[in-house]
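Structure provided below as structure tokens; questions to follow.
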Amino acid sequence: DASHAPVRVTNTVTIAGERVTYMAETGMLPLLKPDGTSRANIFYTAYTRLADKSATRNPQSAMEKRPVTFCFNGGPGSASLWLHLGALGPRRVKMNDDGSQPPPPFTMVDNDYSVLNASDLVFIDPVATGFSRPAKDEKADQFFGDSADLDSVGEFIRLWTTRHGRWLSPKFVCGESYGVFRAAGLAETLRSRYGLYLNGLILVSGVLDFATISGGAGNDLPYPLILPAYTAAAHFHKKLPADLQADLGKALAESREFARGEFTSALEQGAALPADERKKVVAELVRLTG
């Protein structure tokens, strides 16, 4: 089907001072039923670093040695544009220096923080996200649920790897949020179903135990766990006392020790915490968070 033919362009980007020439490829990869008809079309964007022909006699062999990382966001129900245009791809949305969003009109810039210098990238939109859709007369819910999601995304990875001759390349999977669970499941699915072994997983903004982030009545666990991150953020914004501001390592060590000990003990006592102890704990929290 000509409509499934990928579109390719070449471009260059400077990453960490290194000029990287790459091919950008975008297209629809069909997932097939046993009778050969399509059951879904998965949209993807891939970036492949082009080998320096003057440095190698066998560009294909050089490409096979290049790692390839399959990337997706979470949701479930999210396309991969956030990792693609916000973090890993060779182009990104331009933001203000402090990370805030600029006023419109919005623009794109080269991403000198991309990982394309180290690994080729394939951004996947799972079925019913982005431009990926079930085929005509196919129901979307057959792609929803744990096993169905792993089946379709795993089949895409197998097909892309085969069509691009990358079985000998080191392979990684990068998942964000719910994609952390998908990545973990894919490691087993790809191994057991296809004999496709991954070299590693990259887990971004992962939550493996939701009790660690959902605090409230009856669950004080998140508060000591997030305290060192608050300390690090306060250090970045120069809000800590002078002795802690001068030494991030010292600040984090003190924050972790306090979180594990006195802070956790105070939270466990709840309303029974004596007033003088409460005042002491609050003062230490102020010291560690600015």
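What are the residues in segment 147-181 that are hydroxyl-bearing (Ser, Thr, Tyr) and in a helix (DSSP H, G or I), if any? So that I can check it myself, show each step before the final result.
Residues of segment 147-181 hydroxyl-bearing (Ser, Thr, Tyr): 147, 152, 161-162, 169, 177-178.
Answer for segment 147-181, where residues must be hydroxyl-bearing (Ser, Thr, Tyr) and in a helix (DSSP H, G or I): Ser147, Ser152, Thr161, Thr162, Tyr178.
Looking only at segment 156-188, which residues are at pLDDT 95 or above and of a type in the set (Val, Ile, Thr)?
Within segment 156-188, Ile157, Thr161, Thr162, Val173 qualify.
Filter segment 189-203 down to residues that are outside any loop (DSSP other than H, G, I, E, B), closer than 18 Å to Asp149 by Cα and either modelled with pLDDT under 95 or not polar (S, T, N, Q) (or both), then give me how many there are. Reasoning before the result, please.
Going through segment 189-203, the residues outside any loop (DSSP other than H, G, I, E, B) turn out to be 189-194, 200-203.
Now drop any that are not closer than 18 Å to Asp149 by Cα, which leaves 189-194, 201, 203.
Checking which are either modelled with pLDDT under 95 or not polar (S, T, N, Q) (or both) leaves us with 190-191, 193-194, 201, 203.
So the count comes out to 6.
Looking only at strands (runs of 3 or more DSSP E) that lie completely in segment 84-136, which have at least 3 residues being over 30 Å from Lys33 (Cα atoms)? Give the steps one after another, and end with the answer.
On the way: elements: 91-93, 108-110, 120-124.
By residue number, 91-93, 108-110.
(1) of a type outside the set (Lys, Arg); (2) more than 20 Å from Pro170 (Cα to Cα); (3) at pLDDT below 95; (4) buried (at least 17 other Cβ atoms within 10 Å of the Cβ): which one isn't true of Ser80, the others all being true?
The one condition Ser80 does not meet is (3).
Only one residue in Leu201, Leu240, Leu267 is of a type outside the set (D, E, K, R), touching a Gly at 6+ places or on another chain (Cβ under 7 Å) and surrounded by 12 or more Cβ atoms within 10 Å (Cβ to Cβ). Which one?
Values: Leu201 fails: touching a Gly at 6+ places or on another chain (Cβ under 7 Å); Leu267 fails: touching a Gly at 6+ places or on another chain (Cβ under 7 Å).
After applying the criteria, what remains is Leu240.
In segment 53-77, how many are outside any strand (DSSP E or B) and either modelled with pLDDT of 95 or more or in contact with a strand residue (DSSP E or B) (Cβ under 8 Å, 6 or more places away or on another chain) (or both)?
Residues of segment 53-77 that are outside any strand (DSSP E or B), as a first pass: 53-67, 73-77.
In the following step, the residues that additionally are either modelled with pLDDT of 95 or more or in contact with a strand residue (DSSP E or B) (Cβ under 8 Å, 6 or more places away or on another chain) (or both) were identified as 63, 66-67, 73-74.
The number of residues fulfilling the criteria is 5.
Name the residue, out of Leu81, Leu121, that is in contact (Cβ under 8 Å) with a residue 12 or more places away in the chain and either over 28 Å from Arg49 (Cβ atoms) or in contact with a Cys (Cβ under 8 Å, 6 or more places away or on another chain) (or both). Give the derivation first.
Working: Leu81 fails: either over 28 Å from Arg49 (Cβ atoms) or in contact with a Cys (Cβ under 8 Å, 6 or more places away or on another chain) (or both).
Exactly one residue qualifies, and that residue is Leu121.
The values are calculated or read from the model by the stated rules, or taken from the named source; none is laboratory data. Since the model is a prediction, treat every value here as computed from it, not as a measurement. Counting neighbours? That spans all protein chains shown, and the Cβs are built from the backbone with ideal geometry, glycine included.
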